[in-house]
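First up is the structure itself, then whatever we jot down about it.
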Amino acid sequence: MDDDEKLSRSELGTKAYWESHYERERANLADSGDTGVDWFAENIGDTLVAWLCEELALENVKDMIDLGCGNGAFLFEVERRSPWERLVGVDYCDDAIALAKAVAEENGSQRVTFRVANLEDDVGSFSIVHDKGTFDAYMLGTGTIGDYRAAVLRALRPGGYLVITSCNSTVSELVDYFRGSDLAVLAHIPYPTIAFGGHTGATVATVAFQHNQPTAH
Ligand SMILES: C[S@@+](CC[C@H](N)C(=O)[O-])C[C@H]1O[C@@H](n2cnc3c(N)ncnc32)[C@H](O)[C@@H]1O
């Protein structure tokens, strides 16, 4: 895929869509204590968090950033299942971050912090860059694969890991998007597949990549 190539546009690629989504979720939290959606949870259960925190056995991990963290649900699970010292969630929606901070306070989270940022901003550097569903939204808006790759590489320490989960791309498409960059494929999750209309495939794909300069990170 060319650097400036993009997928088709959709409402889910607009900030306005996510702002109204999180405004509703904040109102739901206030009304009923509902903390909101953990995207793809119905498809992947706790497979992803167990794979990331336990099975992959990633080395020298100090910290992780979750790009487009939404309500922070995934980071709270990572906090529960990993010893990693610093877990940071960023999202470009103020209401998503306000919601995540409110849930963190309720949970008594000690190692998770949240702030408003666009994934294209300079967000610091981390041992793990995690993305679940944000690449999908980004590519449905004005984002390009080249800009996304540049953002991830800026946020990764040398030797660090990108773990990305998509419902719009297959494993081989995700691998293609990063081919020729400084990221090498480490592993992917073999989620159960479904057959439909003569085609077989998984509804969600997760791939882990490692930055190919394995110095201290
Ligand atoms: C499908 S939701 C996934 C939320 C969360 N990662 C999860 O798995 O529950 C996509 C998220 O990406 C955020 N987002 C989209 N584009 C972004 C960007 N350029 N920078 C930061 N966040 C973004 C949206 O606000 C939304 O929270």
Subject >> Residue satisfying condition, being at pLDDT below 95, touching a strand residue (DSSP E or B) at 6+ places or on another chain (Cβ under 7 Å) and farther than 27 Å from Thr14 by Cα, within set Thr203, Thr193 >> reply: Thr193
Original post:
Does Trp18 satisfy the criteria of being within 11 Å of the ligand (Cβ to nearest atom), touching a residue at least 60 places away in the same chain (Cβ under 8 Å), assigned to a loop (DSSP other than H, G, I, E, B) and within 25 Å of Ile128 (Cα to Cα)?
Top reply: no
Original post:
For the stretch 122-217, which helices (runs of 4 or more DSSP H) that fit wholly inside it have 1 or more residues that are of a type outside the set (D, E, K, R), more than 16 Å from the ligand (Cβ to nearest atom) and over 25 Å from Lys62 (Cα atoms)?
Top reply: 171-178
**OP:** Taking the residues in the stretch 97-110 that are touching a strand residue (DSSP E or B) at 6+ places or on another chain (Cβ under 8 Å) and within 13 Å of the ligand (Cβ to nearest atom) as candidates, determine which candidate is nearest to Leu153 (Cα to Cα).
**Re:** Ile97
Original post:
Somewhere in the stretch 31-40, is a residue more than 20 Å from Leu140 (Cβ to Cβ), in contact with a strand residue (DSSP E or B) (Cβ under 8 Å, 6 or more places away or on another chain) and surrounded by 15 or more Cβ atoms within 10 Å (Cβ to Cβ)?
Top reply: no
**OP:** Scan Thr144, Thr134 and give me the residue that is among the β-branched types (Val, Ile, Thr), surrounded by fewer than 24 Cβ atoms within 10 Å (Cβ to Cβ) and more than 19 Å from Asn212 (Cβ to Cβ).
**Re:** Thr144
Subject >> Residue satisfying all of: in the stretch 171-182; of a type outside the set (Asp, Glu) and surrounded by fewer than 15 Cβ atoms within 10 Å (Cβ to Cβ); modelled with the highest pLDDT among these >> reply: Ser172
Original post:
If we scan the stretch 56-63, do we find a residue that is more than 15 Å from the ligand (Cβ to nearest atom) and crowded, with 19+ Cβ neighbours inside 10 Å?
Top reply: yes
Original post:
All but one of (1) on the phi < 0 side of the Ramachandran plot; (2) surrounded by fewer than 20 Cβ atoms within 10 Å (Cβ to Cβ); (3) at pLDDT below 95 hold for Gly45; which doesn't?
Top reply: (1)
Original post:
Would you pick out the residues in the stretch 52-75 that are within 16 Å of the chain's Cα centre (by Cα) and either within 17 Å of Asn28 (Cβ to Cβ) or among the polar types (S, T, N, Q) (or both)?
Top reply: Gly70, Asn71, Gly72, Ala73
**OP:** Say whether the condition of being away from the ligand (no atom under 12 Å from the Cβ), in contact (Cβ under 8 Å) with a residue 24 or more places away in the chain, farther than 18 Å from Leu162 by Cβ and in contact with a Ser or Thr (Cβ under 8 Å, 6 or more places away or on another chain) is met by at least one residue in the stretch 76-83.
**Re:** yes
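The values are calculated or read from the model by the stated rules, or taken from the named source; none is laboratory data. Since the structure is predicted, the reported quantities are computational estimates derived from the model, not experimental observations. Here the Cβ is made from the backbone with ideal geometry for all residues, glycine too, and neighbour counts use every protein chain on show.
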